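Data first, discussion second: the structure below is written as structure tokens.
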Amino acid sequence: DVHLDRPFRGLEPEAARAARVALKDAFRRCLEAAREHAVDLVTVGGDLWEHEHVTTDTARSVAFELGQLERPVLLIAGNHDPAVPGGPHDRTDWPPNVTVARSDVPSEHRFGDVSVWASSWTGGNLDARFLDTFHAPADGRVHLLLLHGTCQGVAWFADETDAHCPFTPTQVRNAGFAACLAGHWHRAAWREGVCYPGSPEPLGWGDQGGHGYALVHVSGDVTVELVSTARSRFETAVVDCADAAAGAEIRDRVERRLAAFERTTTYVRVELVGPVAPGCEVDTAQLAQDYRHRFLGIRVEDHTTVAHDLDAIAAQPTVEGRFVRMLRERLERTTEGRERDVAELALRLGVHALRGERLPDVD
């Protein structure tokens, strides 16, 4: 799951550009490892690039670099780079050593005494239920499955609610495959006959765990060595701003929290939380500017609230006091559901608005 030309939304333009360059460098390190290990076959389990963002130059560069391997390469398409008519796969002039599986119907590709059955996303939703009726031939060969989807039923593997081509290790085994070489899950794993090498670099703040390539040994049994290639990581720093009276105090807390992170290899997301004193200004743009030079990329999110004394406001003979009393009466009559959520949000934002204060971010 290389995800070349990923936009990296949430990062500033220069940091996003650097992250895209880092992905290309990591992809080249994977190809260099293939040469060093003198592998018999290189497979890519889908999402080589992102369909809506990939440039012509990137696609041509990938084809050129794969051609320089001088060994077989088998690619399948994933949900982010589907093999659609007229798409980047069709427009790219692939070298003779590269095979692109263009159908969602599993096709056999033979390499020595090993058969790799490949199935690609073709624009719709790929369905792995073909495993319930398919069975690899009992011909003495080792049969592997190359599939882009979500392995379910294995602890820690993936989010069970992920609907991208779900399948289970049991389905893989019952279909006669010795192992499944899988794409889609960005965290490296090898469990119960299913292998995810992960993305060669983490792709965002949700990507924790290992990232690299998988060196698969097929000799009777299938064994897997997961090798890391990542040179960066994404970290989240939650900064408690409770009772901060001024922006300078918030900056001091951010400074102390960020001291724990490796500066030159980290993309950091700063989440400011907690109730701050009325009048305290939170300048996320300035904070990002102050720390931009320390990290590969930085994003600052303001989730703070203003700590109002609602009891004191409610006791005042003012418009604000009447507003707070009315909303509290409504909350007393409403115990649950969307109506209560709306009333709580209205109370929270209404006091800010009546006082002319900045409105906090809301989900």
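Only helices (runs of 4 or more DSSP H) whose full extent lies in region 266-363 are considered here, and the ones with at least 2 residues that are touching a residue at least 40 places away in the same chain (Cβ under 8 Å) and under 21 Å from CYS241 (Cα atoms) are 337-354. Taken over region 251-273, the criterion of being open to solvent by 20 Å² or more (accessible area, probe 1.4 Å) and within 29 Å of LEU354 (Cβ to Cβ) is satisfied by ARG251, ARG253, GLU271, VAL273. When we screen LEU66, LEU31 for residues that are hydrophobic (A, V, I, L, M, F, W, C), surrounded by 15 or more Cβ atoms within 10 Å (Cβ to Cβ), assigned to a helix (DSSP H, G or I) and touching a strand residue (DSSP E or B) at 6+ places or on another chain (Cβ under 6 Å), the only hit is LEU66. The requirement of being open to solvent by 10 Å² or more (accessible area, probe 1.4 Å), over 23 Å from TRP121 (Cα atoms) and not in a loop (DSSP other than H, G, I, E, B) is fulfilled nowhere in region 202-211; no residue meets it.
Does region 5-14 contain at least one residue that is assigned to a helix (DSSP H, G or I) and crowded, with 17+ Cβ neighbours inside 10 Å? Among the residues of region 5-14, not one is assigned to a helix (DSSP H, G or I) and crowded, with 17+ Cβ neighbours inside 10 Å, which makes the answer no. Restricting attention to region 287-314, the residues that are surrounded by fewer than 13 Cβ atoms within 10 Å (Cβ to Cβ) and either modelled with pLDDT of 90 or more or within 30 Å of GLU14 (Cβ to Cβ) (or both) total 1.
Scanning region 1-30 for residues being touching a Leu at 6+ places or on another chain (Cβ under 6 Å) and under 21 Å from VAL116 (Cα atoms) gives a total of 1.
Restricting attention to region 108-141, the residues being open to solvent by less than 40 Å² (accessible area, probe 1.4 Å) and either without any contact (Cβ under 8 Å) to a residue 24 or more places away in the chain or on the phi > 0 side of the Ramachandran plot (or both) number 0. All of (1) open to solvent by 20 Å² or more (accessible area, probe 1.4 Å); (2) touching a residue at least 24 places away in the same chain (Cβ under 8 Å) hold for ALA83 with one exception: (1). Selection of first residues in region 241-258 that are more than 15 Å from ALA307 (Cβ to Cβ) and of second residues that are open to solvent by 40 Å² or more (accessible area, probe 1.4 Å) and of a type in the set (Lys, Arg), restricted to Cβ pairs under 8 Å at least 6 apart or on distinct chains, gives the following pairs, ordered by first then second residue: LEU258/ARG294. Taking ALA248, is it open to solvent by 30 Å² or more (accessible area, probe 1.4 Å) and in a loop (DSSP other than H, G, I, E, B)? Criteria not met by ALA248.
Between LEU181, LEU144, the distinction of being crowded, with 18+ Cβ neighbours inside 10 Å, modelled with pLDDT of 95 or more and within 21 Å of HIS211 (Cα to Cα) belongs to LEU181 only. Filtering region 26-68 to residues that are of a type in the set (Asp, Glu) and without any contact (Cβ under 8 Å) to a residue 40 or more places away in the chain leaves GLU32, GLU36, GLU52, ASP57, GLU65. No other residue among ARG20, ARG35 is closer than 25 Å to VAL224 by Cα and among the charged types (D, E, K, R) apart from ARG35.
The values are calculated or read from the model by the stated rules, or taken from the named source; none is laboratory data. Note that the structure is a prediction, hence the values are computed from the model and not measured. Ideal geometry is used to build each Cβ from the backbone, glycine not excepted, and the neighbour counts take in all protein chains shown. Protein only, heavy atoms only, side chains kept; ligands, DNA and RNA dropped before computing areas. Shrake-Rupley method; radii C 1.70, N 1.55, O 1.52, S 1.80 Å.
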